1. Quote the charge dipole size of region 1-117 about the Cα centre in Debye, to the nearest 20; the model charges only the Cβ of Lys and Arg (+1) and of Asp and Glu (-1).
2. Taking a probe of 1.4 Å, how large is the accessible area per residue of the chain, in Å²?
3. For K41, list the aspartates and glutamates whose Cα falls under 15 Å from its own Cα; do not include residues on the same chain fewer than 8 positions away.
4. Using a 1.4 angstrom probe with every protein chain in place, what is the largest-first accessible-area order of Y261, Y225?
5. Please report the carbon-and-sulfur percent of the accessible area for region 239-372; probe 1.4 Å, protein heavy atoms only, DNA, RNA and ligands left out.
6. With each label point set 7 Å from Cα along the Cα-Cβ vector, what nm distance links D7 and T143?
7. For a label point 7 angstrom out from the Cα of R272 toward its Cβ, which stretches of region 292-326 have the backbone nitrogen within less than 15 Å?
8. Mind giving me the nanometre distance, one decimal, between the label points for T287 and D152, set 7 Å out from Cα along Cα→Cβ?
Amino acid sequence: MAIDPADRANVILEIDLAGVVANWRLLAARVAPAGCAAVVKADAYGLGAPQVSTCLAAAGCRRFFVATLDEGIALRSAVPASCEIAVLNGPVPGSAEEFVFYQLVPVLNEPGQAADWAKIARRQGRLPAMLHVDTGMARLGLTAREFAGLVDKLSQENATRWCGLISHLACADQPEHPLNDLQRARFTSMHRLFGGLPASLAASSGIFLGPGFHFDFVRPGAALYGINPRPGSPNPMRQVVRLKGRILQVREVERGESVGYGAAHVMDHPGRLATVAVGYADGWLRTLSHRGWGHLDGKRLPLVGRVSMDLVVFDVSAADPSLARPGGFIELMNDDYCVDAAAVDAGTIGYEILTALSRRCHRIYRGVLNQC
Ligand SMILES: Cc1ncc(COP(=O)(O)O)c(C=O)c1O
């Protein structure tokens, strides 16, 4: 008989869906009466867009954001037809029919996209769209000049059903940054010129800048998945991921023995090493070489040597040998060594830690879908 995939898995990623829902509810309560959407692009930051979105829709979330058309198509069957799915990158030429067929809302980011969409809407009947304006990020969205030149035409465009005016904050994770207020002021005046449609400026961190940033709805992603929206302050969000890697082998080593590729770590004490089946092909980043930590029974165990494609080595000298044994597990992320802590050690941000976790990690969902 075949072995259960969880029993044969080398890396297990546990996702607490009830925690994601609790995080969404916390944010929704904080911004009410403004609405709270959910950003589930990049497969809900690696955690599983269908699973996450099904729970959030059941909890009352009515607006979802993805990045690409393919993500939107995949999501359409996971959430009720009444839920709006907006595609942040907008339509690429020739993709309009898919948007219509799958009832997806394009975010129009530049004048050409807006003009093309208006043409299609005139042909097809009234089609929904959101408009993205750039208020200080110089990434996506109509510039202030483009917006000023087009706003009258766009607001009189009857064929398009405008369902949102959005912009994105560049420095929301730095509450003192002067660009926050400047972007808000620019957005407010653009919204005045194109009144009547729901406005949205804040993502996770922007929510914590205060009610003046909430407008009609907010668009959190990272905070739903436990990433701290207020770096440097206590994290108000619940941790929703646990990651563990299976121990394949344990060995005794002498002082002076080298470990792994490049012999880049040399033992400064005799001890015990555990080789764990996780590597950069699982998304356990190579920049964690010499710097990451594992946990076993509450003990913090240093990652020694380089992260390789499928394996890493931990110094388990301090761990109980009956637990640090082949077949056992080392915890790679848990409530104490959370996604943000791993990100600091890897020299990156929590977003990259989560989205890097590859398909090879066996995902287990806690917080049964229909109980969320
Ligand atoms: C336009 C836009 N809105 C919202 C989000 C969600 O941001 P966060 O994950 O910081 O909440 C993003 C993320 O990149 C985005 O690009």
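1. 480
2. Accessible area per residue, the chain: 45 Å².
3. Straight-line reach from K41, under 15 Å: D70, E71, E84, E352.
4. Y261, Y225
5. 50
6. So the label points at D7 and T143 sit 6.3 nm apart.
7. Label zone hits: 295-302, 314-326.
8. If labels sit at T287 and D152, their model points lie 4.9 nm apart.
The values are calculated or read from the model by the stated rules, or taken from the named source; none is laboratory data. The structure presented is a predicted model; accordingly, all values stated were derived computationally and were not measured. Note: ideal-geometry Cβ built from the backbone for every residue, glycine included; neighbour counts use all protein chains shown. These area figures cover heavy atoms from the full protein model, side chains too; ligands, DNA and RNA do not enter into them. Shrake-Rupley method; radii C 1.70, N 1.55, O 1.52, S 1.80 Å.
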